[in-house]
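*Asks:* There's a structure below that I have some questions on.
Each value in this text was obtained by applying a stated rule to the coordinates, not by laboratory testing. Treat the numbers as computed from the prediction; the structure is a model and nothing was measured. Here the Cβ positions follow ideal geometry from the backbone for every residue, glycine too, while neighbour counts run over all protein chains shown.
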DNA sequence: GACTATAGGGAACTATGATTCCGCTTGTCA
DNA sequence: TGACAAGCGGAATCATAGTTCCCTATAGTC
């Protein structure tokens, strides 16, 4: 959300702040439409700004993608935190969360491809957000474990990995049904 | 294996046949190394031929990728057929097959990315091979169902989808362990 | 209202990598 | 062993899309 390179602590000019936001939103839309081969020109057009402006805010295309990943992880972590405040059967809360997140991912090919297709070096740039997500997930799992309703050997990274797998089947592969994939995974998570 | 455009039924010249094979092998190696952004020039160099020669055998890069996918599906189907000839507990045979295929996929980023990242139109060009694989898988599943050792609601497309998910976690994602992913999936397949 | 640092626009530049083209080579067959 | 069609090599071409550059516009400030 604040990926612009700032070398002073001066606040951004109002128009810049507005554009930054607009670019991020357009990027989300364009990446969702075109996956990782979305074009900067398209993002710029969609945002109603010039390419130069995009580059003023994000040093390159990769940075834009990373910003989107980060945003997504932050969203998932926030939802996790929210789930922690609710009361109810912990496993059920987790399942609800996973379904919700999967729907979000499905509406946005960027994440799907970002998670599945890009190299480690991009992945690592969202490490902080991921760690946070992992922490939250761990807490959700702990509660479910205590309640005895989840397979006890499942860790937060397993959840990430399995969901990554579900996301990979979200494209337009003939015959695949990611919702079924998700339900199978959820079934597997349940305590025997 | 026979993707060269032939407008007569004349057999290929000996050197052409040799080169066709060599190109396919090199493509496999280069795609395995570089994933979908392998370069035709590299394939040509590795095969010890000029780029022109590659293009004489495959109209474009996509065709090369499709040829590799087809080859892979054919291999998996062949292994499935082989499993059908063995005797032993059907579920065990299936598991052995899945593990074997996963190892193969893991040694070859091309498939992994081809399965996960490319669009429907490429996918469809391997439809015949896939259908064959599905048929074989269905037979394996039927036997396991009869033996009562597999979750009865699992179909051949589920297997494909789940394995596609496993493949998607084979990259260099920090903390992911696709072998664990596979074992979790296998566990889920088992009859309750 | 004027000044200036900050921000924007978009044409031009560049890099990358797929694809084409054509003159040369080599199997094949009589 | 010659003829010639089939095949090969790789420099040149073309297309795409990321990135830079610099001139113009404007928000913020006195």
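*Asks:* Could you tell me the relative contact order of region B:81-179? Use alpha-carbon pairs under 8 Å, at least six residues apart, and round to a whole percent.
*Replies:* This gives 35 percent for region B:81-179.
*Asks:* Test of understanding: what is the full-extension gain from residue A:60 to residue A:124, defined as 0.36 nm times their sequence separation minus their Cα-Cα distance?
*Replies:* Roughly 21.4 nm would be gained on extension.
*Asks:* So, in nm, how far is label residue A:147 from label residue B:12 when the simple model puts each one 7 Å beyond its Cα toward the Cβ?
*Replies:* Here the modelled spin labels are 6.0 nm apart.
*Asks:* What Kirkwood hydrodynamic radius, in Å, does region A:126-166 give when the mean of 1/r is taken over all pairs of distinct Cα atoms and then inverted?
*Replies:* Here the Kirkwood hydrodynamic radius works out to 10.6 Å.
*Asks:* Follow-up question, since we're still on this one. Sorted from fewest to most neighbouring beta carbons within 10 Å, what does the list B:164, A:167 look like? Don't jump to the answer; show the numbers that get you there.
*Replies:* Values: B:164 21, A:167 27.
Least to most surrounded, the residues fall as B:164, A:167.
*Asks:* Also: Rounded to the nearest 0.05, what FRET efficiency is calculated for residue A:139 and residue B:190 with R0 set to 25 Å and r the Cβ-Cβ distance?
*Replies:* Between residue A:139 and residue B:190 the formula returns 0.25.
*Asks:* Measure out, as a whole number of angstrom, how far apart the alpha-carbon centroids of region B:102-143 and region B:16-65 sit.
*Replies:* So the separation of the two Cα centres works out to 21 Å.
*Asks:* Relative contact order (percent) for chain A, with alpha-carbon contacts under 8 angstrom and 6 or more residues of separation?
*Replies:* It comes to 22 percent, rounded to a whole number.
*Asks:* How much mean residue ellipticity at 222 nm does chain A get from its helices, if each DSSP H run of length 4 or more adds -39500 (n - 2.57) and you divide by all residues, to the nearest 500 deg cm²/dmol?
*Replies:* -23000 deg cm²/dmol
*Asks:* For a test of the definition: using alpha carbon positions, the gyration tensor, and the 1.5 limit on a/c, classify the protein assembly as shown as rounded, prolate or oblate.
*Replies:* Details: a/c = 2.52, a/b = 1.15, b/c = 2.19.
In terms of gyration-tensor shape, oblate.
*Asks:* Right, here's the next one. Based on the alpha-carbon gyration tensor of region A:118-190, what equivalent-ellipsoid semi-axes (square roots of 5 times the eigenvalues) come out, in whole Å, largest first?
*Replies:* 23, 21, 7
*Asks:* Over chain A, what lengths in whole Å, largest first, do the semi-axes of the equivalent ellipsoid take, defined as the square roots of 5 times the eigenvalues of the alpha-carbon gyration tensor?
*Replies:* Semi-axes (√(5λ), whole Å): 34, 19, 13.
*Asks:* Evaluate 2.2 N^0.38 Å with N set to the residue count of region A:38-107, then give the Cα radius of gyration divided by it. Present the calculation step by step, with values, prior to reporting the outcome.
*Replies:* Details: Rg = 17.0 Å, N = 70, 2.2 N^0.38 = 11.1 Å.
Working it through for region A:38-107, the quotient is 1.53.
*Asks:* Take the Cβ-Cβ distance between residue A:96 and residue B:33 as r, set R0 to 56 Å, and report the resulting FRET efficiency rounded to the nearest 0.05. Please report the intermediate quantities before stating the final value.
*Replies:* Working: r = 42 Å, r/R0 = 0.75.
So, using R0 = 56 Å, E works out to roughly 0.85.
*Asks:* Averaging over all projection directions, find the projected area of the Cα convex hull of region B:71-167 and quote it in nm² with one decimal place.
*Replies:* Computed as one quarter of the Cα hull surface, the answer is 5.8 nm².
*Asks:* Pulled fully out, how much extra length does the chain show between residue A:179 and residue A:78, if you take 0.36 nm times their separation in residues and subtract their Cα-Cα distance?
*Replies:* Taking residue A:179 through residue A:78 to full extension adds about 34.1 nm, to one decimal.
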